[in-house]
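What follows is a short report on a single structure.
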C-alpha cells in the first residue's frame, strides 16, 4: 500500500506538526506533501527522513514573510498535487490540505484540526481583528471567504473518512460539512513533563502572545489580586500590552520567551496553570496536568474534554472551569480554587494526562484509518 500524507504547511514545530510526526510513525514509508516547508534540517529530523514535496509557491522570494496572505490561491495550488499513484491519502488539515484531489479507488482519510476557523464561525472576529470590517479590503476579503467556503464544502465530498481532534471539532465538522467524524485526541508527549508534587506559591501561564490567547486578560485578573503571584512565559505581538499591565502590578512577572527546561520547571512548581483561550484541543493544559499541576481554564472548546472540573467530578477533578473570558470571572475562579486547592489531587492530574499519550494516538489513529481500508490492505488474522 502506497501512502501519502498531506499537511497544510510547515512553518515551525507546533501541535499540528507533532500530529504529523506521529502519523509518520504509524506510516513510516509515507511521502509527505505540503504547501510550504520552512523548517531547519534539525527540526525536520522528527519526521524520520521522509520525502517532503512542496508546492511551487515555496520557491517564491521571501515567501516565509507573507505565505499566509497567499490563502486565496492555495485551493488552486493544493489541487495541483498529483497523488494518483497512492492507495491511501491522509490529510492533516486546518486550512486547505483536505482539498487534495483523489480518485475513486483511492482512500482519503482527513485528520481535521479544525474547519478553517476564519472562513466559518470566526470570520467576523477575524475581519474585526484584521481591521477589515469595512471598506474595499473588507469587501474583497468577504468575497474571497465566501468563495473559499464554497470550495471547502465541495472538497468535503472527496473525503472517505473524517477524524476530529476533539469532540468540539467533531461537532464543528458536522455543522460545516454535515459529515460524521471519529474523535482521536492529538498526541501529547507527557513523558517530557515529569510528575512533581512539590508546589510553590505562584500561578503560571505560558503561551504565544496573540489576542485570542487572552494573556492580557489573565494579567488584568491578577492585577486585581495583589496577594496572588503570577508568572508568565511567552512572546508575541501582545507582549507589550501584557508588560504594561505587569509594570503596575508587582505580583506579576513576565519572563518572555524561555527554553523548555525553564518552562517545565515552572509548570512543575506552579500551584495551578491558568488557561484563558478557547482552543480546539489545547495541548499545554494537558502538559501541565502531566506535571501534576491543576488547571484553571476557560470552560469552552477542548478544555471541557481535557480538564476535569471540580464541580462536575470532585473525586477525579484536575482543576476548574470559569464561564466567561473576563478578568472578573477569572479572579472569582482563582479565589474559589484557593478554597478547594487541597481537594484537587496532583495524582489525578497526572492520571488524566496519561489518557492523551503518543502511543494512544498511534493506536487509535491506525484503527480509525483501517475502518476505511479495503480488506486487501488490512493485517491478516492470525
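The values are calculated or read from the model by the stated rules, or taken from the named source; none is laboratory data. Keep in mind the model is a prediction, meaning the values are calculated, not measured. Glycine also receives a Cβ, built like all others from the backbone with ideal geometry; neighbour counts cover every protein chain displayed.
Before moving on, here are some points about what is shown:
- Taking the stretch 4-28 as the range and being surrounded by fewer than 20 Cβ atoms within 10 Å (Cβ to Cβ) and more than 23 Å from residue 357 (Cα to Cα) as the test, only 11 passes.
- Residues that are assigned to a helix (DSSP H, G or I), buried (at least 16 other Cβ atoms within 10 Å of the Cβ), touching a residue at least 24 places away in the same chain (Cβ under 8 Å) and not assigned by TED's automatic domain parsing to the domain that holds residue 262 do occur in the stretch 368-381, at least one of them.
- Number of residues in the stretch 168-193 that are surrounded by fewer than 18 Cβ atoms within 10 Å (Cβ to Cβ) and at pLDDT below 95: the value is 3.
- Only one entry in 299, 319 is over 27 Å from residue 262 (Cα atoms) and touching a strand residue (DSSP E or B) at 6+ places or on another chain (Cβ under 6 Å), namely 299.
- Some residue of the stretch 57-67 being surrounded by 17 or more Cβ atoms within 10 Å (Cβ to Cβ), assigned to a helix (DSSP H, G or I) and under 22 Å from the mean Cα position of the chain (by Cα): yes
- Residue 355 farther than 25 Å from residue 224 by Cα and either assigned to a helix (DSSP H, G or I) or not assigned by TED's automatic domain parsing to the domain that holds residue 201 (or both): yes
- Out of 360, 341, 350, sole residue that is over 28 Å from residue 186 (Cα atoms) and touching a residue at least 24 places away in the same chain (Cβ under 8 Å): 341
- Qualifying residue in the stretch 154-163 (condition: more than 24 Å from residue 364 (Cα to Cα) and modelled with pLDDT of 95 or more): yes
Let's see how each residue does on (1) at positive phi; (2) touching a residue at least 60 places away in the same chain (Cβ under 8 Å); (3) in contact with a helix residue (DSSP H, G or I) (Cβ under 6 Å, 6 or more places away or on another chain); (4) surrounded by fewer than 17 Cβ atoms within 10 Å (Cβ to Cβ):
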residue	(1), (2), (3), (4)
229	no, no, no, no
234	yes, no, no, no
254	no, no, yes, no
261	no, no, no, yes
287	no, yes, no, no
301	yes, yes, yes, no
317	no, no, no, no
321	no, no, no, no
324	no, no, no, yes
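- For residue 101: the one exception among (1) modelled with pLDDT under 95; (2) out of contact with any strand residue (DSSP E or B) (no Cβ under 8 Å at 6 or more places or on another chain): (1)
- Restricting attention to the stretch 326-344, the residues that are surrounded by 16 or more Cβ atoms within 10 Å (Cβ to Cβ) and under 19 Å from residue 201 (Cβ atoms) add up to 6.
- Within the stretch 182-189, the presence of a residue that is assigned to a helix (DSSP H, G or I), assigned by TED's automatic domain parsing to the domain that holds residue 93 and either touching a helix residue (DSSP H, G or I) at 6+ places or on another chain (Cβ under 8 Å) or under 26 Å from residue 79 (Cα atoms) (or both) is excluded.
- Among the residues of the stretch 258-265, none qualifies, meaning not one is over 21 Å from residue 290 (Cβ atoms) and in the same structural domain as residue 204 (by TED's automatic domain parsing).
- Qualifying positions in the stretch 222-246 - in a helix (DSSP H, G or I), under 25 Å from the mean Cα position of the chain (by Cα) and closer than 24 Å to residue 287 by Cβ: 239, 242
- Residue-level check: of (1) in contact with a strand residue (DSSP E or B) (Cβ under 8 Å, 6 or more places away or on another chain); (2) crowded, with 19+ Cβ neighbours inside 10 Å, residue 350 misses just (1).
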